[in-house]
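Report on the structure given below.
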Amino acid sequence: MKKTNIRWTVVALIFFATTINYIDRQVIGLLKPYIQDDLGWTEADYGYIVTAFQVAYGIGMLLGGRMLDRLGSKSGYSIAIIVWSIGAVLHATVRSVTGFGAARAILGLGEAGNFPAAVKVIAEWFPKRDRAYATGLFNSGTTIGAIIAPIIVTAITLEWGWRWAFIVTGMLGFVWVVIWWILYHSPDKHRGVNQAELEYIKGEEEEDRANRANEADGAYGAAVTWRQLFQHRQTYAILFSRFVTDWVWWFFLFWTPDFLNKTHGVDLKATVLPLIIIYTMSSIGGIYGGHVSSQFIRLGRSIDFARKTTILLFALLVLPLNAVPYIDNLWMVVFIIGLATSTHQAWASNIFTIVSDVYPKQVVGSMTGISSVGGAVGGALASSFVGLILELTGSYASIFMIASTMYLVAWLTLRLFVPIRQIDFTK
């Protein structure tokens with residue numbers, strides 16, 4: 001079978017959407033010292049603003065997954081990006097803590113649609129053996145966005161002020177929507193996809209053939225409800241694993257510039273290189289995490305072994321994070337944080353793929369959204385917790401200590417409660 005490049009064009013599109021997603025959400029973390037001085041925020045105020053984003057993100061995940069399954073990838077993805085782009089631009093128009101909280105909530109509501117949409121697109125365009133690698137590629141957009149954001153935001157802020165940083169970065173999403181609407185079609189409707197390519201995408205396993213039979217009578221997607229999803233322990237375990245790990249990534253994203261500034265005297269301009277190093281490392285981890293998992297499968301190991309072993313190997317690499325508050329050397333700190341962000345991206349590549357391994361593709365969007373609610377709730381609670389801890393103690397030590405163990409907790413949960421094989425909802 002002669003493979004086309006269309007599937008990798010699709011990956012490129014969602015890679016750029018994910019990049020924009022992370023540029024928009026990282027702006028406030030980079031500008032925290034500037035805005036804090038200008039508007040007089042406390043550490044707790046900042047924690048509450050981040051919490052507003054997380055709460056809205058969770059609500060968006062809960063609603064967005066079902067919306068995507070009903071409207072389809074093309075329309076659902078477009079709506080999500082339009083909403084978050086509006087929220088991003090609105091940051092430039094407000095001054096109060098409440099106003100920023102409202103703008104962050106709109107941003108979070110829209111941004112919640114990115115990963116359910118992206119995972120759904122991957123499930124539509126790739127067979128299982130290729131999904132972890134494709135997921136790692138698009139998910140590397142999170143780190144590319146985090147790398148690009150300091151450069152863009154610093155340049156704009158120093159030239160025009162911090163409000164323009166929100167406006168310029170917020171406009172990128174509108175440009176993407178136009179390109180997406182022109183280029184994207186599902187495999188069944190894409191004129192460049194031949195029958196051999198469709199068979200490669202859809203014909204890998206008996207589960208896929210059974211799912212196509214259900215699609216033909218139009219009943220399968222409609223038959224699976226949220227109530228049915230919550231009748232399986234896998235749903236709770238995946239949700240919990242996101243609850244205990246996602247907040248660590250949010251912590252890196254929203255507090256790393258502040259941590260470097262307060263503990264190592266790194267200002268906005270000087271923070272660009274450390275952040276580039278940190279998020280370059282995380283990008284490599286995202287791609288390599290998917291590659292390791294896929295390679296285990298190609299070597300004949302089961303999907304269950306491949307996903308869980310990969311997660312365990314990378315979880316062990318987070319443990320040195322506990323030492324970060326006690327290290328005086330800036331570049332050693334940067335390396336350890338970069339290693340931890342790399343591990344998170346490797347973890348994310350596999351947990352997103354586990355959803356598509358365990359659940360039929362017709363409900364992948366819904367299940368990704370539901371599981372992400374766990375991450376959003378954990379992030380919301382942790383954001384307020386981090387802000388209050390910093391307000392009371394002025395120390396990051398306890399935060400890094402807790403963060404260093406969370407991926408092992410998540411691995412153990414998956415190991416005990418998630419057999420990685422597709423659930424049959426017809427029984």
### Message
Out of ALA376, ALA382, I need the residue that is closer than 22 Å to ASN139 by Cβ, surrounded by 24 or more Cβ atoms within 10 Å (Cβ to Cβ) and in contact with a Gly (Cβ under 6 Å, 6 or more places away or on another chain). Which one?
### Response
ALA376
### Query
Where in the stretch 1-102 are there helices (runs of 4 or more DSSP H), lying fully within it, with 3 or more residues that are acidic (Asp, Glu) and either touching a helix residue (DSSP H, G or I) at 6+ places or on another chain (Cβ under 6 Å) or at pLDDT 90 or above (or both)?
43-71
### Query
Scanning for something buried (at least 20 other Cβ atoms within 10 Å of the Cβ) and either in contact with a Gly (Cβ under 7 Å, 6 or more places away or on another chain) or among the basic types (Lys, Arg) (or both), does the stretch 145-157 turn up at least one residue?
no
### Query
Does the stretch 88-98 include one or more residues that are in contact (Cβ under 8 Å) with a residue 24 or more places away in the chain and among the charged types (D, E, K, R)?
yes
### Query
How many residues does the stretch 120-142 hold that are within 18 Å of TRP176 (Cβ to Cβ) and among the hydroxyl-bearing types (Ser, Thr, Tyr)?
2
## Note on the structure
Checking THR142, THR169, THR157, THR135 in turn, the sole residue that is part of a helix (DSSP H, G or I), among the hydroxyl-bearing types (Ser, Thr, Tyr) and over 27 Å from LEU71 (Cβ atoms) turns out to be THR157
### Query
Would you pick out the residues in the stretch 265-296 that are out of contact with any Leu (no Cβ under 7 Å at 6 or more places or on another chain), assigned to a helix (DSSP H, G or I), of a type in the set (A, V, I, L, M) and open to solvent by 40 Å² or more (accessible area, probe 1.4 Å)?
LEU273, ILE276, ILE277, ILE284
### Query
Which pairs have Cβ atoms under 6 Å, sit 6 or more apart or on different chains, and link a residue in the stretch 104-131 that is under 25 Å from SER302 (Cα atoms) and in a loop (DSSP other than H, G, I, E, B) to one that is acidic (Asp, Glu) and open to solvent by 10 Å² or more (accessible area, probe 1.4 Å)?
PRO127/GLU204
### Query
Does ALA270 count as small (Gly, Ala, Ser) and at pLDDT 90 or above?
no
### Task
Identify the single condition in (1) more than 21 Å from PHE243 (Cβ to Cβ); (2) open to solvent by 10 Å² or more (accessible area, probe 1.4 Å); (3) at pLDDT below 95; (4) in a helix (DSSP H, G or I) that GLY300 does not satisfy, given that it satisfies every other one.
(4)
## Note on the structure
If we ask which residues in the stretch 158-181 are under 22 Å from ASP258 (Cβ atoms), open to solvent by 10 Å² or more (accessible area, probe 1.4 Å) and touching a residue at least 24 places away in the same chain (Cβ under 8 Å), their number turns out to be 4
## Note on the structure
Residue set LEU339, LEU239, LEU299; condition within 18 Å of the chain's Cα centre (by Cα) and over 30 Å from MET67 (Cβ atoms); output residue LEU339
### Query
Pairs under 9 Å by beta carbon, first residue within 9 Å of ILE278 (Cα to Cα) in the stretch 332-345, partner charged (D, E, K, R) and open to solvent by less than 10 Å² (accessible area, probe 1.4 Å), six or more apart or different chains?
none
### Query
From the list ALA88, ALA80, ALA52, which one is of a type outside the set (Ser, Thr, Tyr), buried (at least 22 other Cβ atoms within 10 Å of the Cβ) and under 20 Å from PHE385 (Cα atoms)?
ALA52
### Summary
Residues in the stretch 306-347 that are among the small types (Gly, Ala, Ser), open to solvent by 10 Å² or more (accessible area, probe 1.4 Å) and either closer than 22 Å to TYR22 by Cβ or outside any helix (DSSP H, G or I) (or both) total 1
### Task
Confirm whether ILE420 is under 16 Å from ASP304 (Cβ atoms) and open to solvent by 10 Å² or more (accessible area, probe 1.4 Å).
yes
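The values are calculated or read from the model by the stated rules, or taken from the named source; none is laboratory data. Treat the numbers as computed from the prediction; the structure is a model and nothing was measured. Every residue, glycine among them, receives a Cβ derived from its backbone with ideal geometry; neighbour counts consider all protein chains shown. In case anyone asks, the SASA skips ligands and DNA or RNA and just uses the protein heavy atoms, side chains included. Shrake-Rupley method; radii C 1.70, N 1.55, O 1.52, S 1.80 Å.
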